Amino acid sequence: MAVAQWIALLLSGVFAGALAGLLGIGGGTVMVPILLALGYEPIQAVATSSLAIIINSLSGSWQNWRMGYLDPERVLWLGLPAVVMVQLGVLLASSLSPQLLLIAFAILLAVNIFLVGLRKQLASQETPTAESQKVNPKLARVLTGAIAGFMAGLLGVGGGVIMVPLQMLLLGDPIKRAIQTSLGVVVMTAIASTIGHATQGNVIWIAGLILGAGGALSARLSSRTLPKLPDQLVSLLFRGLLVVLILYTLWKAFQYQAT
C-alpha cells in the first residue's frame with residue numbers, strides 16, 4: 001500500500017470519526033464511498049468499513065460512558081436484536097452483484113436525507129410524539145435494533161442512521177440521548193458485521209485499521225462537542241454531504257454496468 005493511500009485512509013478516518021461522535025453513526029456512509037474511490041471492490045468497501053467502525057464508535061462510546069451519557073440497558077435492548085440481524089445482511093451483501101450493492105447503498109443515503117429531516121422535526125418537539133407513546137418501548141427497541149443490524153451487515157454502516165430517528169419517533173427520546181445510545185449499539189453491530197464478513201473473506205484488514213485509527217481520536221473529540229453543537233447546523237451539513245455521496249455512488253454503479 002502506497003504512502004499516499006495510507007495518508008488518504010487516515011484523513012478519511014478522521015472525518016468519518018467526527019461524524020460518528022456528532023451524529024451517532026459509525027461513519028460508514030462516508031467510509032464506503034472513500035474506499036470505493038481508493039479502488040476497493042464494493043463488497044470489500046462494505047466489509048472494511050465495518051472494521052473501521054468498531055474502532056471509532058468504540059472511542060466515541062467510551063467518551064460518552066466517561067461523561068455519564070451512556071445507558072447500558074438501552075444499548076442492550078437495541079444491540080441484541082441488531083447483532084442477530086447483522087448476519088442476514090452479510091449473507092445478502094455477499095450474494096449481490098457490485099452494481100446492485102452500490103445502488104442499494106445510494107438508496108440508503110437518499111433515505112437518510114429524509115431521516116435527517118424527520119430527526120430535525122422530532123428534535124424541535126419538546127415532548128414525545130403521540131405515536132411514540134402508543135408503542136411498547138421494548139418492542140420498539142427490538143424493532144429498531146433489528147432494522148439497524150440488517151443495514152449494518154448489508155451496507156457496511158453501523159446502523160446509527162436508522163436508529164437515531166427511530167428512537168426519536170417510536171420512543172420519544174431526545175435527539176442527543178438517541179445519538180449517544182445509537183453509538184453504543186454501533187459498537188455491537190460493527191463487531192458482528194466484521195466477523196460475518198471476515199468469514200466470507202471480504203475484509204481488508206490494514207485499510208480498516210488505518211481508517212479506524214484516524215477516526216478514534218476525532219470521534220472522542222466530537223462526542224465532547226455534541227452537547228454544545230446546534231442540531232440545525234449539523235443536519236444541514238450532513239444533508240449536503242449525502243447528496244454528493246449519492247451522486248458519486250450512482251456514478252460508480254453505472255461504471256460497473258458499462259463494463
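The values are calculated or read from the model by the stated rules, or taken from the named source; none is laboratory data. Remember, predicted model here, so these are calculated numbers, not experimental data. Positions of Cβ are backbone-derived with ideal geometry, glycine not excepted, and every protein chain shown enters the neighbour counts.
General remarks:
- Test: Val83 is modelled with pLDDT of 85 or more and either surrounded by 24 or more Cβ atoms within 10 Å (Cβ to Cβ) or outside any helix (DSSP H, G or I) (or both): no
- Residue match in the range 63-75 (condition: part of a helix (DSSP H, G or I) and at pLDDT 90 or above): yes
- Here is the figure for the range 1-42: residues that are modelled with pLDDT of 85 or more, within 16 Å of the chain's Cα centre (by Cα) and under 17 Å from His197 (Cα atoms) total 3.
- Filter pass, Ser97 being surrounded by fewer than 24 Cβ atoms within 10 Å (Cβ to Cβ), at pLDDT 80 or above, among the small types (Gly, Ala, Ser) and under 17 Å from Gly201 (Cα atoms): yes
- All positions within the range 168-197 that are farther than 25 Å from Leu10 by Cα, buried (at least 24 other Cβ atoms within 10 Å of the Cβ) and in contact (Cβ under 8 Å) with a residue 60 or more places away in the chain: Ala178, Thr181
- Condition met for Thr189 (under 23 Å from Met67 (Cα atoms) and either under 12 Å from the mean Cα position of the chain (by Cα) or modelled with pLDDT under 85 (or both)): yes
- With respect to being surrounded by fewer than 23 Cβ atoms within 10 Å (Cβ to Cβ) and modelled with pLDDT of 80 or more, Gln200 fits the description.
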